[in-house]
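The values are calculated or read from the model by the stated rules, or taken from the named source; none is laboratory data. This structure is a prediction, so every number in the text was calculated from the model and none was measured. Here the Cβ positions follow ideal geometry from the backbone for every residue, glycine too, while neighbour counts run over all protein chains shown. Accessible surface is based on the protein model in full, side chains and every heavy atom, while ligands, DNA and RNA are left aside. Shrake-Rupley method; radii C 1.70, N 1.55, O 1.52, S 1.80 Å.
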Amino acid sequence: MIELSAISREKEITKEKFLGVYKAKEIPVVMENITKDWPAKAKWSLEYFEELAGDKEVKLYDSKPSYGKKLQHAAETSMPIREYFKRLRNGENDLRMFFFNMFVELPILKNDFTFPDHIGLKFFKKLPVMFVGGNGAKVQMHIDIDYADIFLCHFGGKKRVVLFSPEQTPLMYHVPYSFSSLFDVDWDNPNYETYPALKNLKGITAELNHGDVLYIPPGWWHYIVYEEIGISMAIRQFPRSLGNIYKMLRNLLWTRSVEGLMRLLIGQKWNERNEKLAVTRTHKYLKENNIK
């Protein structure tokens, strides 16, 4: 297995400790009591959302890599929330709700939580987004395009998150013009013969329980496994440093645009090119730095 250490957990955390230890040093942490007074902690469940908006049509995303001219992060299908949740209860573990814009789709949910401004971040309050997945659902290893500080607020069954720092990007088999690692890498059972760079990684693992909040610093890689049916909400502070603002704009205006255009023009050959480059560039880095 890849070397992983358990994440730090804080029951009660002050603004001074969060900013001085975790934000300043960009270290992930699980905060257990941020949500303790939120109505969401008592209310958010499949049953609650079925009653609230069971007939609402939602887009659903699968865990398969985009093929041919299909754009990254394109929805696979859509269906009413009630039908999707029925599938989850029956064992569906591929289709996920992804980046569901709560204030646009269900503005009543703003009454269920309070932005934790006391922690010292300036959250962008127009974009809380929701994610839902079934027992066994997985989210490919990736970084967030906007280089934001993210609070991942989790409700429901257990969810496991594996994180790697940005400094380890050369070892991650990063696919060019994407924000993901190579799809074929199995992070739970790594093949060191095919992907030897993985032997040199050191990561952090977090088990999220109902009500936990995971802080993900800018640029951190993360891979997610839903160990049970779960609902998460992400709130974010957009970049403040010039370096991360540049990275966000580059990703939004250049990287994503080139990727979309080349998929439309070239299709699967573009995808295969980048997947090969992910391997050759990583192994070149190992060789140049005498890493075995």
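The charge dipole of the range 75-200, taken about its Cα centre with unit charges on the Cβ of Lys, Arg, Asp and Glu (plus for the first two, minus for the last two), comes to roughly 520 debye. Where does the range 16-110 land on Rg/Rh, using Cα atoms and the Kirkwood Rh? Reported Rg/Rh, Kirkwood definition of Rh: 1.07. Surface composition of the chain: carbon plus sulfur atoms hold 54% of the accessible area, using a 1.4 angstrom probe and ignoring ligands, DNA and RNA. GluC sites (Glu not before Pro), restricted to the range 30-74: which are DSSP loop and have at most 10 other Cβ atoms within 10 Å? Hits after loop and neighbour filter: nothing returned.
What shape does the range 52-190 take by its C-alpha gyration tensor, where a ≥ b ≥ c are the square roots of the eigenvalues and a/c under 1.5 counts as rounded, a/b above b/c as prolate, and the rest as oblate? Oblate is the answer for the range 52-190, as a/c is 1.5 or above yet b/c matches or exceeds a/b.
By the gyration tensor of its Cα atoms, with a ≥ b ≥ c the square roots of the eigenvalues, what is the shape of the range 227-292: rounded for a/c under 1.5, prolate for a/b over b/c, or oblate? Judged from the Cα gyration tensor, the range 227-292 comes out rounded (a/c under 1.5). Across q = 0.12 Å⁻¹, the chain modelled as identical point scatterers on its alpha-carbon atoms has Debye log10 I(q)/I(0) values of -0.82, in the order of the q list. With 0.36 nm allotted per residue and the present C-alpha distance subtracted, the HIS73-ASN209 stretch has 46.3 nm of extension available. For GLN168 and ALA42, the FRET efficiency from 1/(1 + (r/R0)^6), where r spans their Cβ atoms and R0 equals 25 Å, is about 0.05. When HIS283, HIS222 are compared by accessible surface with a 1.4 Å probe, the order from highest to lowest is HIS283, HIS222.
Based on C-alpha pairs under 8 angstrom that are at least 6 apart in sequence, the range 12-124 has a relative contact order of 31 percent.
Among the listed pairs LYS126/LYS202; LYS41/LYS110; LYS56/LYS110; LYS25/LYS64; LYS69/LYS158, a Cα-Cα separation exceeding 23 Å is found for LYS126/LYS202; LYS25/LYS64; LYS69/LYS158. Only loop residues by DSSP count here, and only those with at most 15 other Cβ atoms within 10 Å; note down the trypsin sites (Lys or Arg not before Pro) in the range 204-276 that meet that. Those that pass, being in a loop and sparsely packed, are ARG240. The charge dipole of the range 1-155, taken about the Cα centre with unit charges on the Cβ atoms of Lys, Arg (+1) and Asp, Glu (-1), comes to about 140 debye, rounded to the nearest 20. Within the straight-line cut-off of under 19 Å between alpha carbons, the aspartates and glutamates reachable from LYS23 are GLU10, GLU12, GLU32, ASP117, ASP144, ASP146, ASP149, GLU167, ASP212, sequence neighbours fewer than 8 places apart in one chain being disregarded. When +1 charges are put on Lys and Arg Cβ atoms and -1 charges on Asp and Glu Cβ atoms, the dipole computed for the chain relative to its Cα centre reaches about 840 debye.
Accessible surface for the range 112-173, divided over its residues, is 32 Å² per residue with a 1.4 Å probe. Averaging the sequence gap over all C-alpha pairs within less than 8 Å and six or more residues apart, then dividing by the number of residues, gives the chain a relative contact order of 27 percent.
Here is the list for the range 40-91: chymotrypsin sites (Phe, Trp or Tyr not before Pro) lying in DSSP coil, each with at most 12 other C-beta atoms within 10 angstrom of its C-beta, are TYR67.
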